[in-house]
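Colleague: This structure is in structure tokens; I'll ask about it shortly.
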Amino acid sequence: MRVYVPLTLPGLAEAHKTGELGTGPFVAYAVTPALREWYVSDDIEELEYAALGRAALASLRLLAADPGAARRRVVVAVDVPDGAASADPDRGLDPAAVGEVRVSGTVALAKAAAVHVDADDAEQDVAAAAGALEAADGGDDDARFVVDGAEDHELLWYATQEVPNLVR
């Protein structure tokens with residue numbers, strides 16, 4: 001099963017240093033029944049892109065909680081055994097948790113298929129979005145517009161061999 005692990009650049013640096021994305025259970029995002037219902041598509045590529053987007057939003061939440069981190073969202077795509085990731089059916093009903101799974105066990109960074117990171121030119125919009133997240137969650141439409149502005153930036157694809165260059 002492909003899962004998308006939300007991180008920050010400092011989190012990616014730590015994963016690079018330890019060789020591990022996490023020592024379960026940790027949160028990731030995947031194509032779950034709730035995500036299929038929410039996104040209303042049978043196209044697996046579209047569904048995986050939606051799961052990646054959910055992980056990018058979770059990365060934005062991590063950035064909001066870490067003001068010292070570079071304002072760039074990070075998502076690591078990794079394949080885990082089917083039994084290693086599970087969705088909580090009760091949590092799947094929460095719109096904020098669509099696609100969320102818990103990954104058990106340790107996942108090696110070397111198993112990652114790719115790393116997705118914002119380009120440098122996204123930093124200003126991502127910083128604004130991280131700052132507006134709390135108000136957007138509270139129902140502020142203007143803040144929601146700012147958060148959506150970060151989503152206008154496509155995450156760039158990097159091979160795992162490029163991680164050392166990303167975390168310098």
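Colleague: Name the GluC sites (Glu not before Pro) in the range 105-168 that are in a loop by DSSP and that have at most 15 other C-beta atoms within 10 Å, would you? Before the final figure, lay out each step's value.
Modeller: Details: sites: GLU123, GLU134, GLU151, GLU154, GLU162; in loops: GLU154.
Sites meeting the loop and neighbour criteria: GLU154.
Colleague: Taking θ as phi - 60°, what are the ³J(HN,Hα) couplings along the range 18-35 by the Karplus curve (6.51, -1.76, 1.60), each to the nearest whole Hz, with x for Gly and Pro?
Modeller: Coupling constants for the range 18-35: 8, x, 10, 6, x, 10, x, x, 9, 7, 9, 10, 7, 7, 10, x, 5, 5 Hz.
Colleague: Among rounded, prolate and oblate, which fits the range 43-83 when a ≥ b ≥ c are the square roots of the eigenvalues of its C-alpha gyration tensor, a/c under 1.5 means rounded, and a/b larger than b/c means prolate? Walk me through the numbers before you get to the answer.
Modeller: Working: a/c = 3.13, a/b = 1.96, b/c = 1.60.
Prolate.
Colleague: Classify the range 40-132 from the C-alpha gyration tensor, please: rounded if a/c falls under 1.5, else prolate or oblate depending on whether a/b exceeds b/c.
Modeller: Since a/c reaches 1.5 and a/b is larger than b/c, the shape of the range 40-132 is classed as prolate.
Colleague: Could you tell me which residue out of HIS16, PRO6, ALA55 lies farthest along the dipole of the chain toward its positive end? Charges go on the beta carbon: Lys and Arg +1, Asp and Glu -1, centred on the Cα centre.
Modeller: HIS16
Where a number appears in this text, it was derived from the coordinates with a stated rule and is not lab data. Treat the numbers as computed from the prediction; the structure is a model and nothing was measured. Cβ sites come from the backbone with ideal geometry, for glycine too, and all protein chains shown count toward neighbours.
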